[in-house]
């Protein structure tokens, strides 16, 4: 039979309430009493019941981790870093899959049922309305990889996707490409819209360069491959900014199967710098998103909001850098 709080109280020679206070963060208990209880608990192999403790403290220590793109391998890294980072701070992540969800109210109701203490929306495609729905429900929330704005309604941590699009366009210009294209993810995704906006606006300053665009059905390998195969049936562009690494890798597969060579015949530029992009057989040139820093900053904010739910929303922006590998021809200037 499992050891109970009562067993620990008897072993330590104290009341059950004293044991409860000893294992409740912030509760009033003397050092000698805490030491006595902890010694008895260790001898009996007792571990406090976290759910039972939440009834006393009013806090579950649960943090809802909400996302909607489980087909993209980058989120294996994202979930790993988030879950470990939260657990190191004594918090418990509750993973929520919103792949088919369009109504933020449904997600709010779900997380209310679990009495989460806070929410992290980890998505570059969900609209600001999702994170704002949690704010409106009086739940501490941080939107990681969210759409950048100078006056956010909730805490937003990520990159400037519009600037990333401009950066991709400048790379193509410096490499002498005259016919380029944007191959984005889902057209309604905020990250797709912003990356395309930046890409198109920068190239509009160079009318001698031809620019086209298209969109894949999802941020996935198969979607990127399918869209690139379609594009290659007609006259392909010289280089494609795929707006995401997993799309880029799908596009690389399509180019290879079509008998073309990267970067001699077609150049490919990704975004994220997920682990797979650096594999020797892929060697994708990409724009690196500083994922570790974004996640660390997001956790810092959600922890701070647990103590100060009215903390004024801020936008934390991290710079992106080019990682040169082997899928674009060299710069000429």
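The values are calculated or read from the model by the stated rules, or taken from the named source; none is laboratory data. Just so we're clear, the structure is a prediction, and the values are computed from it rather than from any experiment. Every residue, glycine among them, receives a Cβ derived from its backbone with ideal geometry; neighbour counts consider all protein chains shown.
Here are 96, 119: which of them is under 14 Å from the mean Cα position of the chain (by Cα), modelled with pLDDT of 90 or more and buried (at least 16 other Cβ atoms within 10 Å of the Cβ)? Spell out how you get there, then give the answer.
Working: 96 fails: modelled with pLDDT of 90 or more.
The unique qualifying residue is 119.
Which condition number in (1) in contact with a helix residue (DSSP H, G or I) (Cβ under 8 Å, 6 or more places away or on another chain); (2) over 26 Å from residue 293 (Cα atoms); (3) assigned to a loop (DSSP other than H, G, I, E, B) is the one that residue 207 fails?
Looking at each condition in turn, residue 207 falls short on (1).
Restricting attention to segment 237-254, which residues are touching a residue at least 40 places away in the same chain (Cβ under 8 Å) and over 16 Å from residue 192 (Cα atoms)?
Within segment 237-254, 237, 238, 239, 251, 252 meet the criteria.
Among the residues of segment 131-140, is any within 16 Å of the chain's Cα centre (by Cα), surrounded by fewer than 24 Cβ atoms within 10 Å (Cβ to Cβ) and not in a loop (DSSP other than H, G, I, E, B)? Steps first, please.
Within segment 131-140, the subset within 16 Å of the chain's Cα centre (by Cα) is 131.
From what's left, surrounded by fewer than 24 Cβ atoms within 10 Å (Cβ to Cβ): none.
So far as segment 131-140 goes, no, none of its residues is within 16 Å of the chain's Cα centre (by Cα), surrounded by fewer than 24 Cβ atoms within 10 Å (Cβ to Cβ) and not in a loop (DSSP other than H, G, I, E, B).
Going through segment 234-261 one residue at a time, which ones are part of a loop (DSSP other than H, G, I, E, B) and in contact with a strand residue (DSSP E or B) (Cβ under 6 Å, 6 or more places away or on another chain)?
Selection gives 237, 238, 242, 243, 244.
Could we say that residue 191 is modelled with pLDDT of 90 or more, closer than 22 Å to residue 271 by Cβ and surrounded by fewer than 16 Cβ atoms within 10 Å (Cβ to Cβ) here?
No; evaluated as a whole, the condition is false for this residue.
Take residue 37 and decide whether it is in a loop (DSSP other than H, G, I, E, B) and over 38 Å from the mean Cα position of the chain (by Cα).
Working: in a loop (DSSP other than H, G, I, E, B): no; over 38 Å from the mean Cα position of the chain (by Cα): yes.
Answer is no for this residue.
Working only within segment 203-222, note down all residues that are surrounded by fewer than 21 Cβ atoms within 10 Å (Cβ to Cβ), modelled with pLDDT of 95 or more and closer than 14 Å to residue 192 by Cα.
213, 214, 215
Inspect segment 169-178 for any residue being part of a loop (DSSP other than H, G, I, E, B), modelled with pLDDT under 95 and over 18 Å from residue 272 (Cα atoms) and give the result as yes or no.
No, segment 169-178 has no match at all.
Going by the structure shown, is residue 175 surrounded by fewer than 22 Cβ atoms within 10 Å (Cβ to Cβ) and in contact with a strand residue (DSSP E or B) (Cβ under 9 Å, 6 or more places away or on another chain)? Show your work before the answer.
Numbers: surrounded by fewer than 22 Cβ atoms within 10 Å (Cβ to Cβ): yes; in contact with a strand residue (DSSP E or B) (Cβ under 9 Å, 6 or more places away or on another chain): yes.
So residue 175 passes the test.
Would it be correct to say that residue 158 is crowded, with 20+ Cβ neighbours inside 10 Å and modelled with pLDDT under 95?
Working: crowded, with 20+ Cβ neighbours inside 10 Å: yes; modelled with pLDDT under 95: no.
Criteria not met by residue 158.
So which residues in segment 279-318 are surrounded by 13 or more Cβ atoms within 10 Å (Cβ to Cβ), in a loop (DSSP other than H, G, I, E, B) and modelled with pLDDT of 95 or more, if there are any at all?
Listed by number, the residues that qualify are 282, 283, 284, 285, 289, 290, 318.
What is the one condition in (1) assigned to a helix (DSSP H, G or I); (2) without any contact (Cβ under 8 Å) to a residue 60 or more places away in the chain; (3) under 19 Å from the mean Cα position of the chain (by Cα) that residue 146 does not satisfy?
(1)
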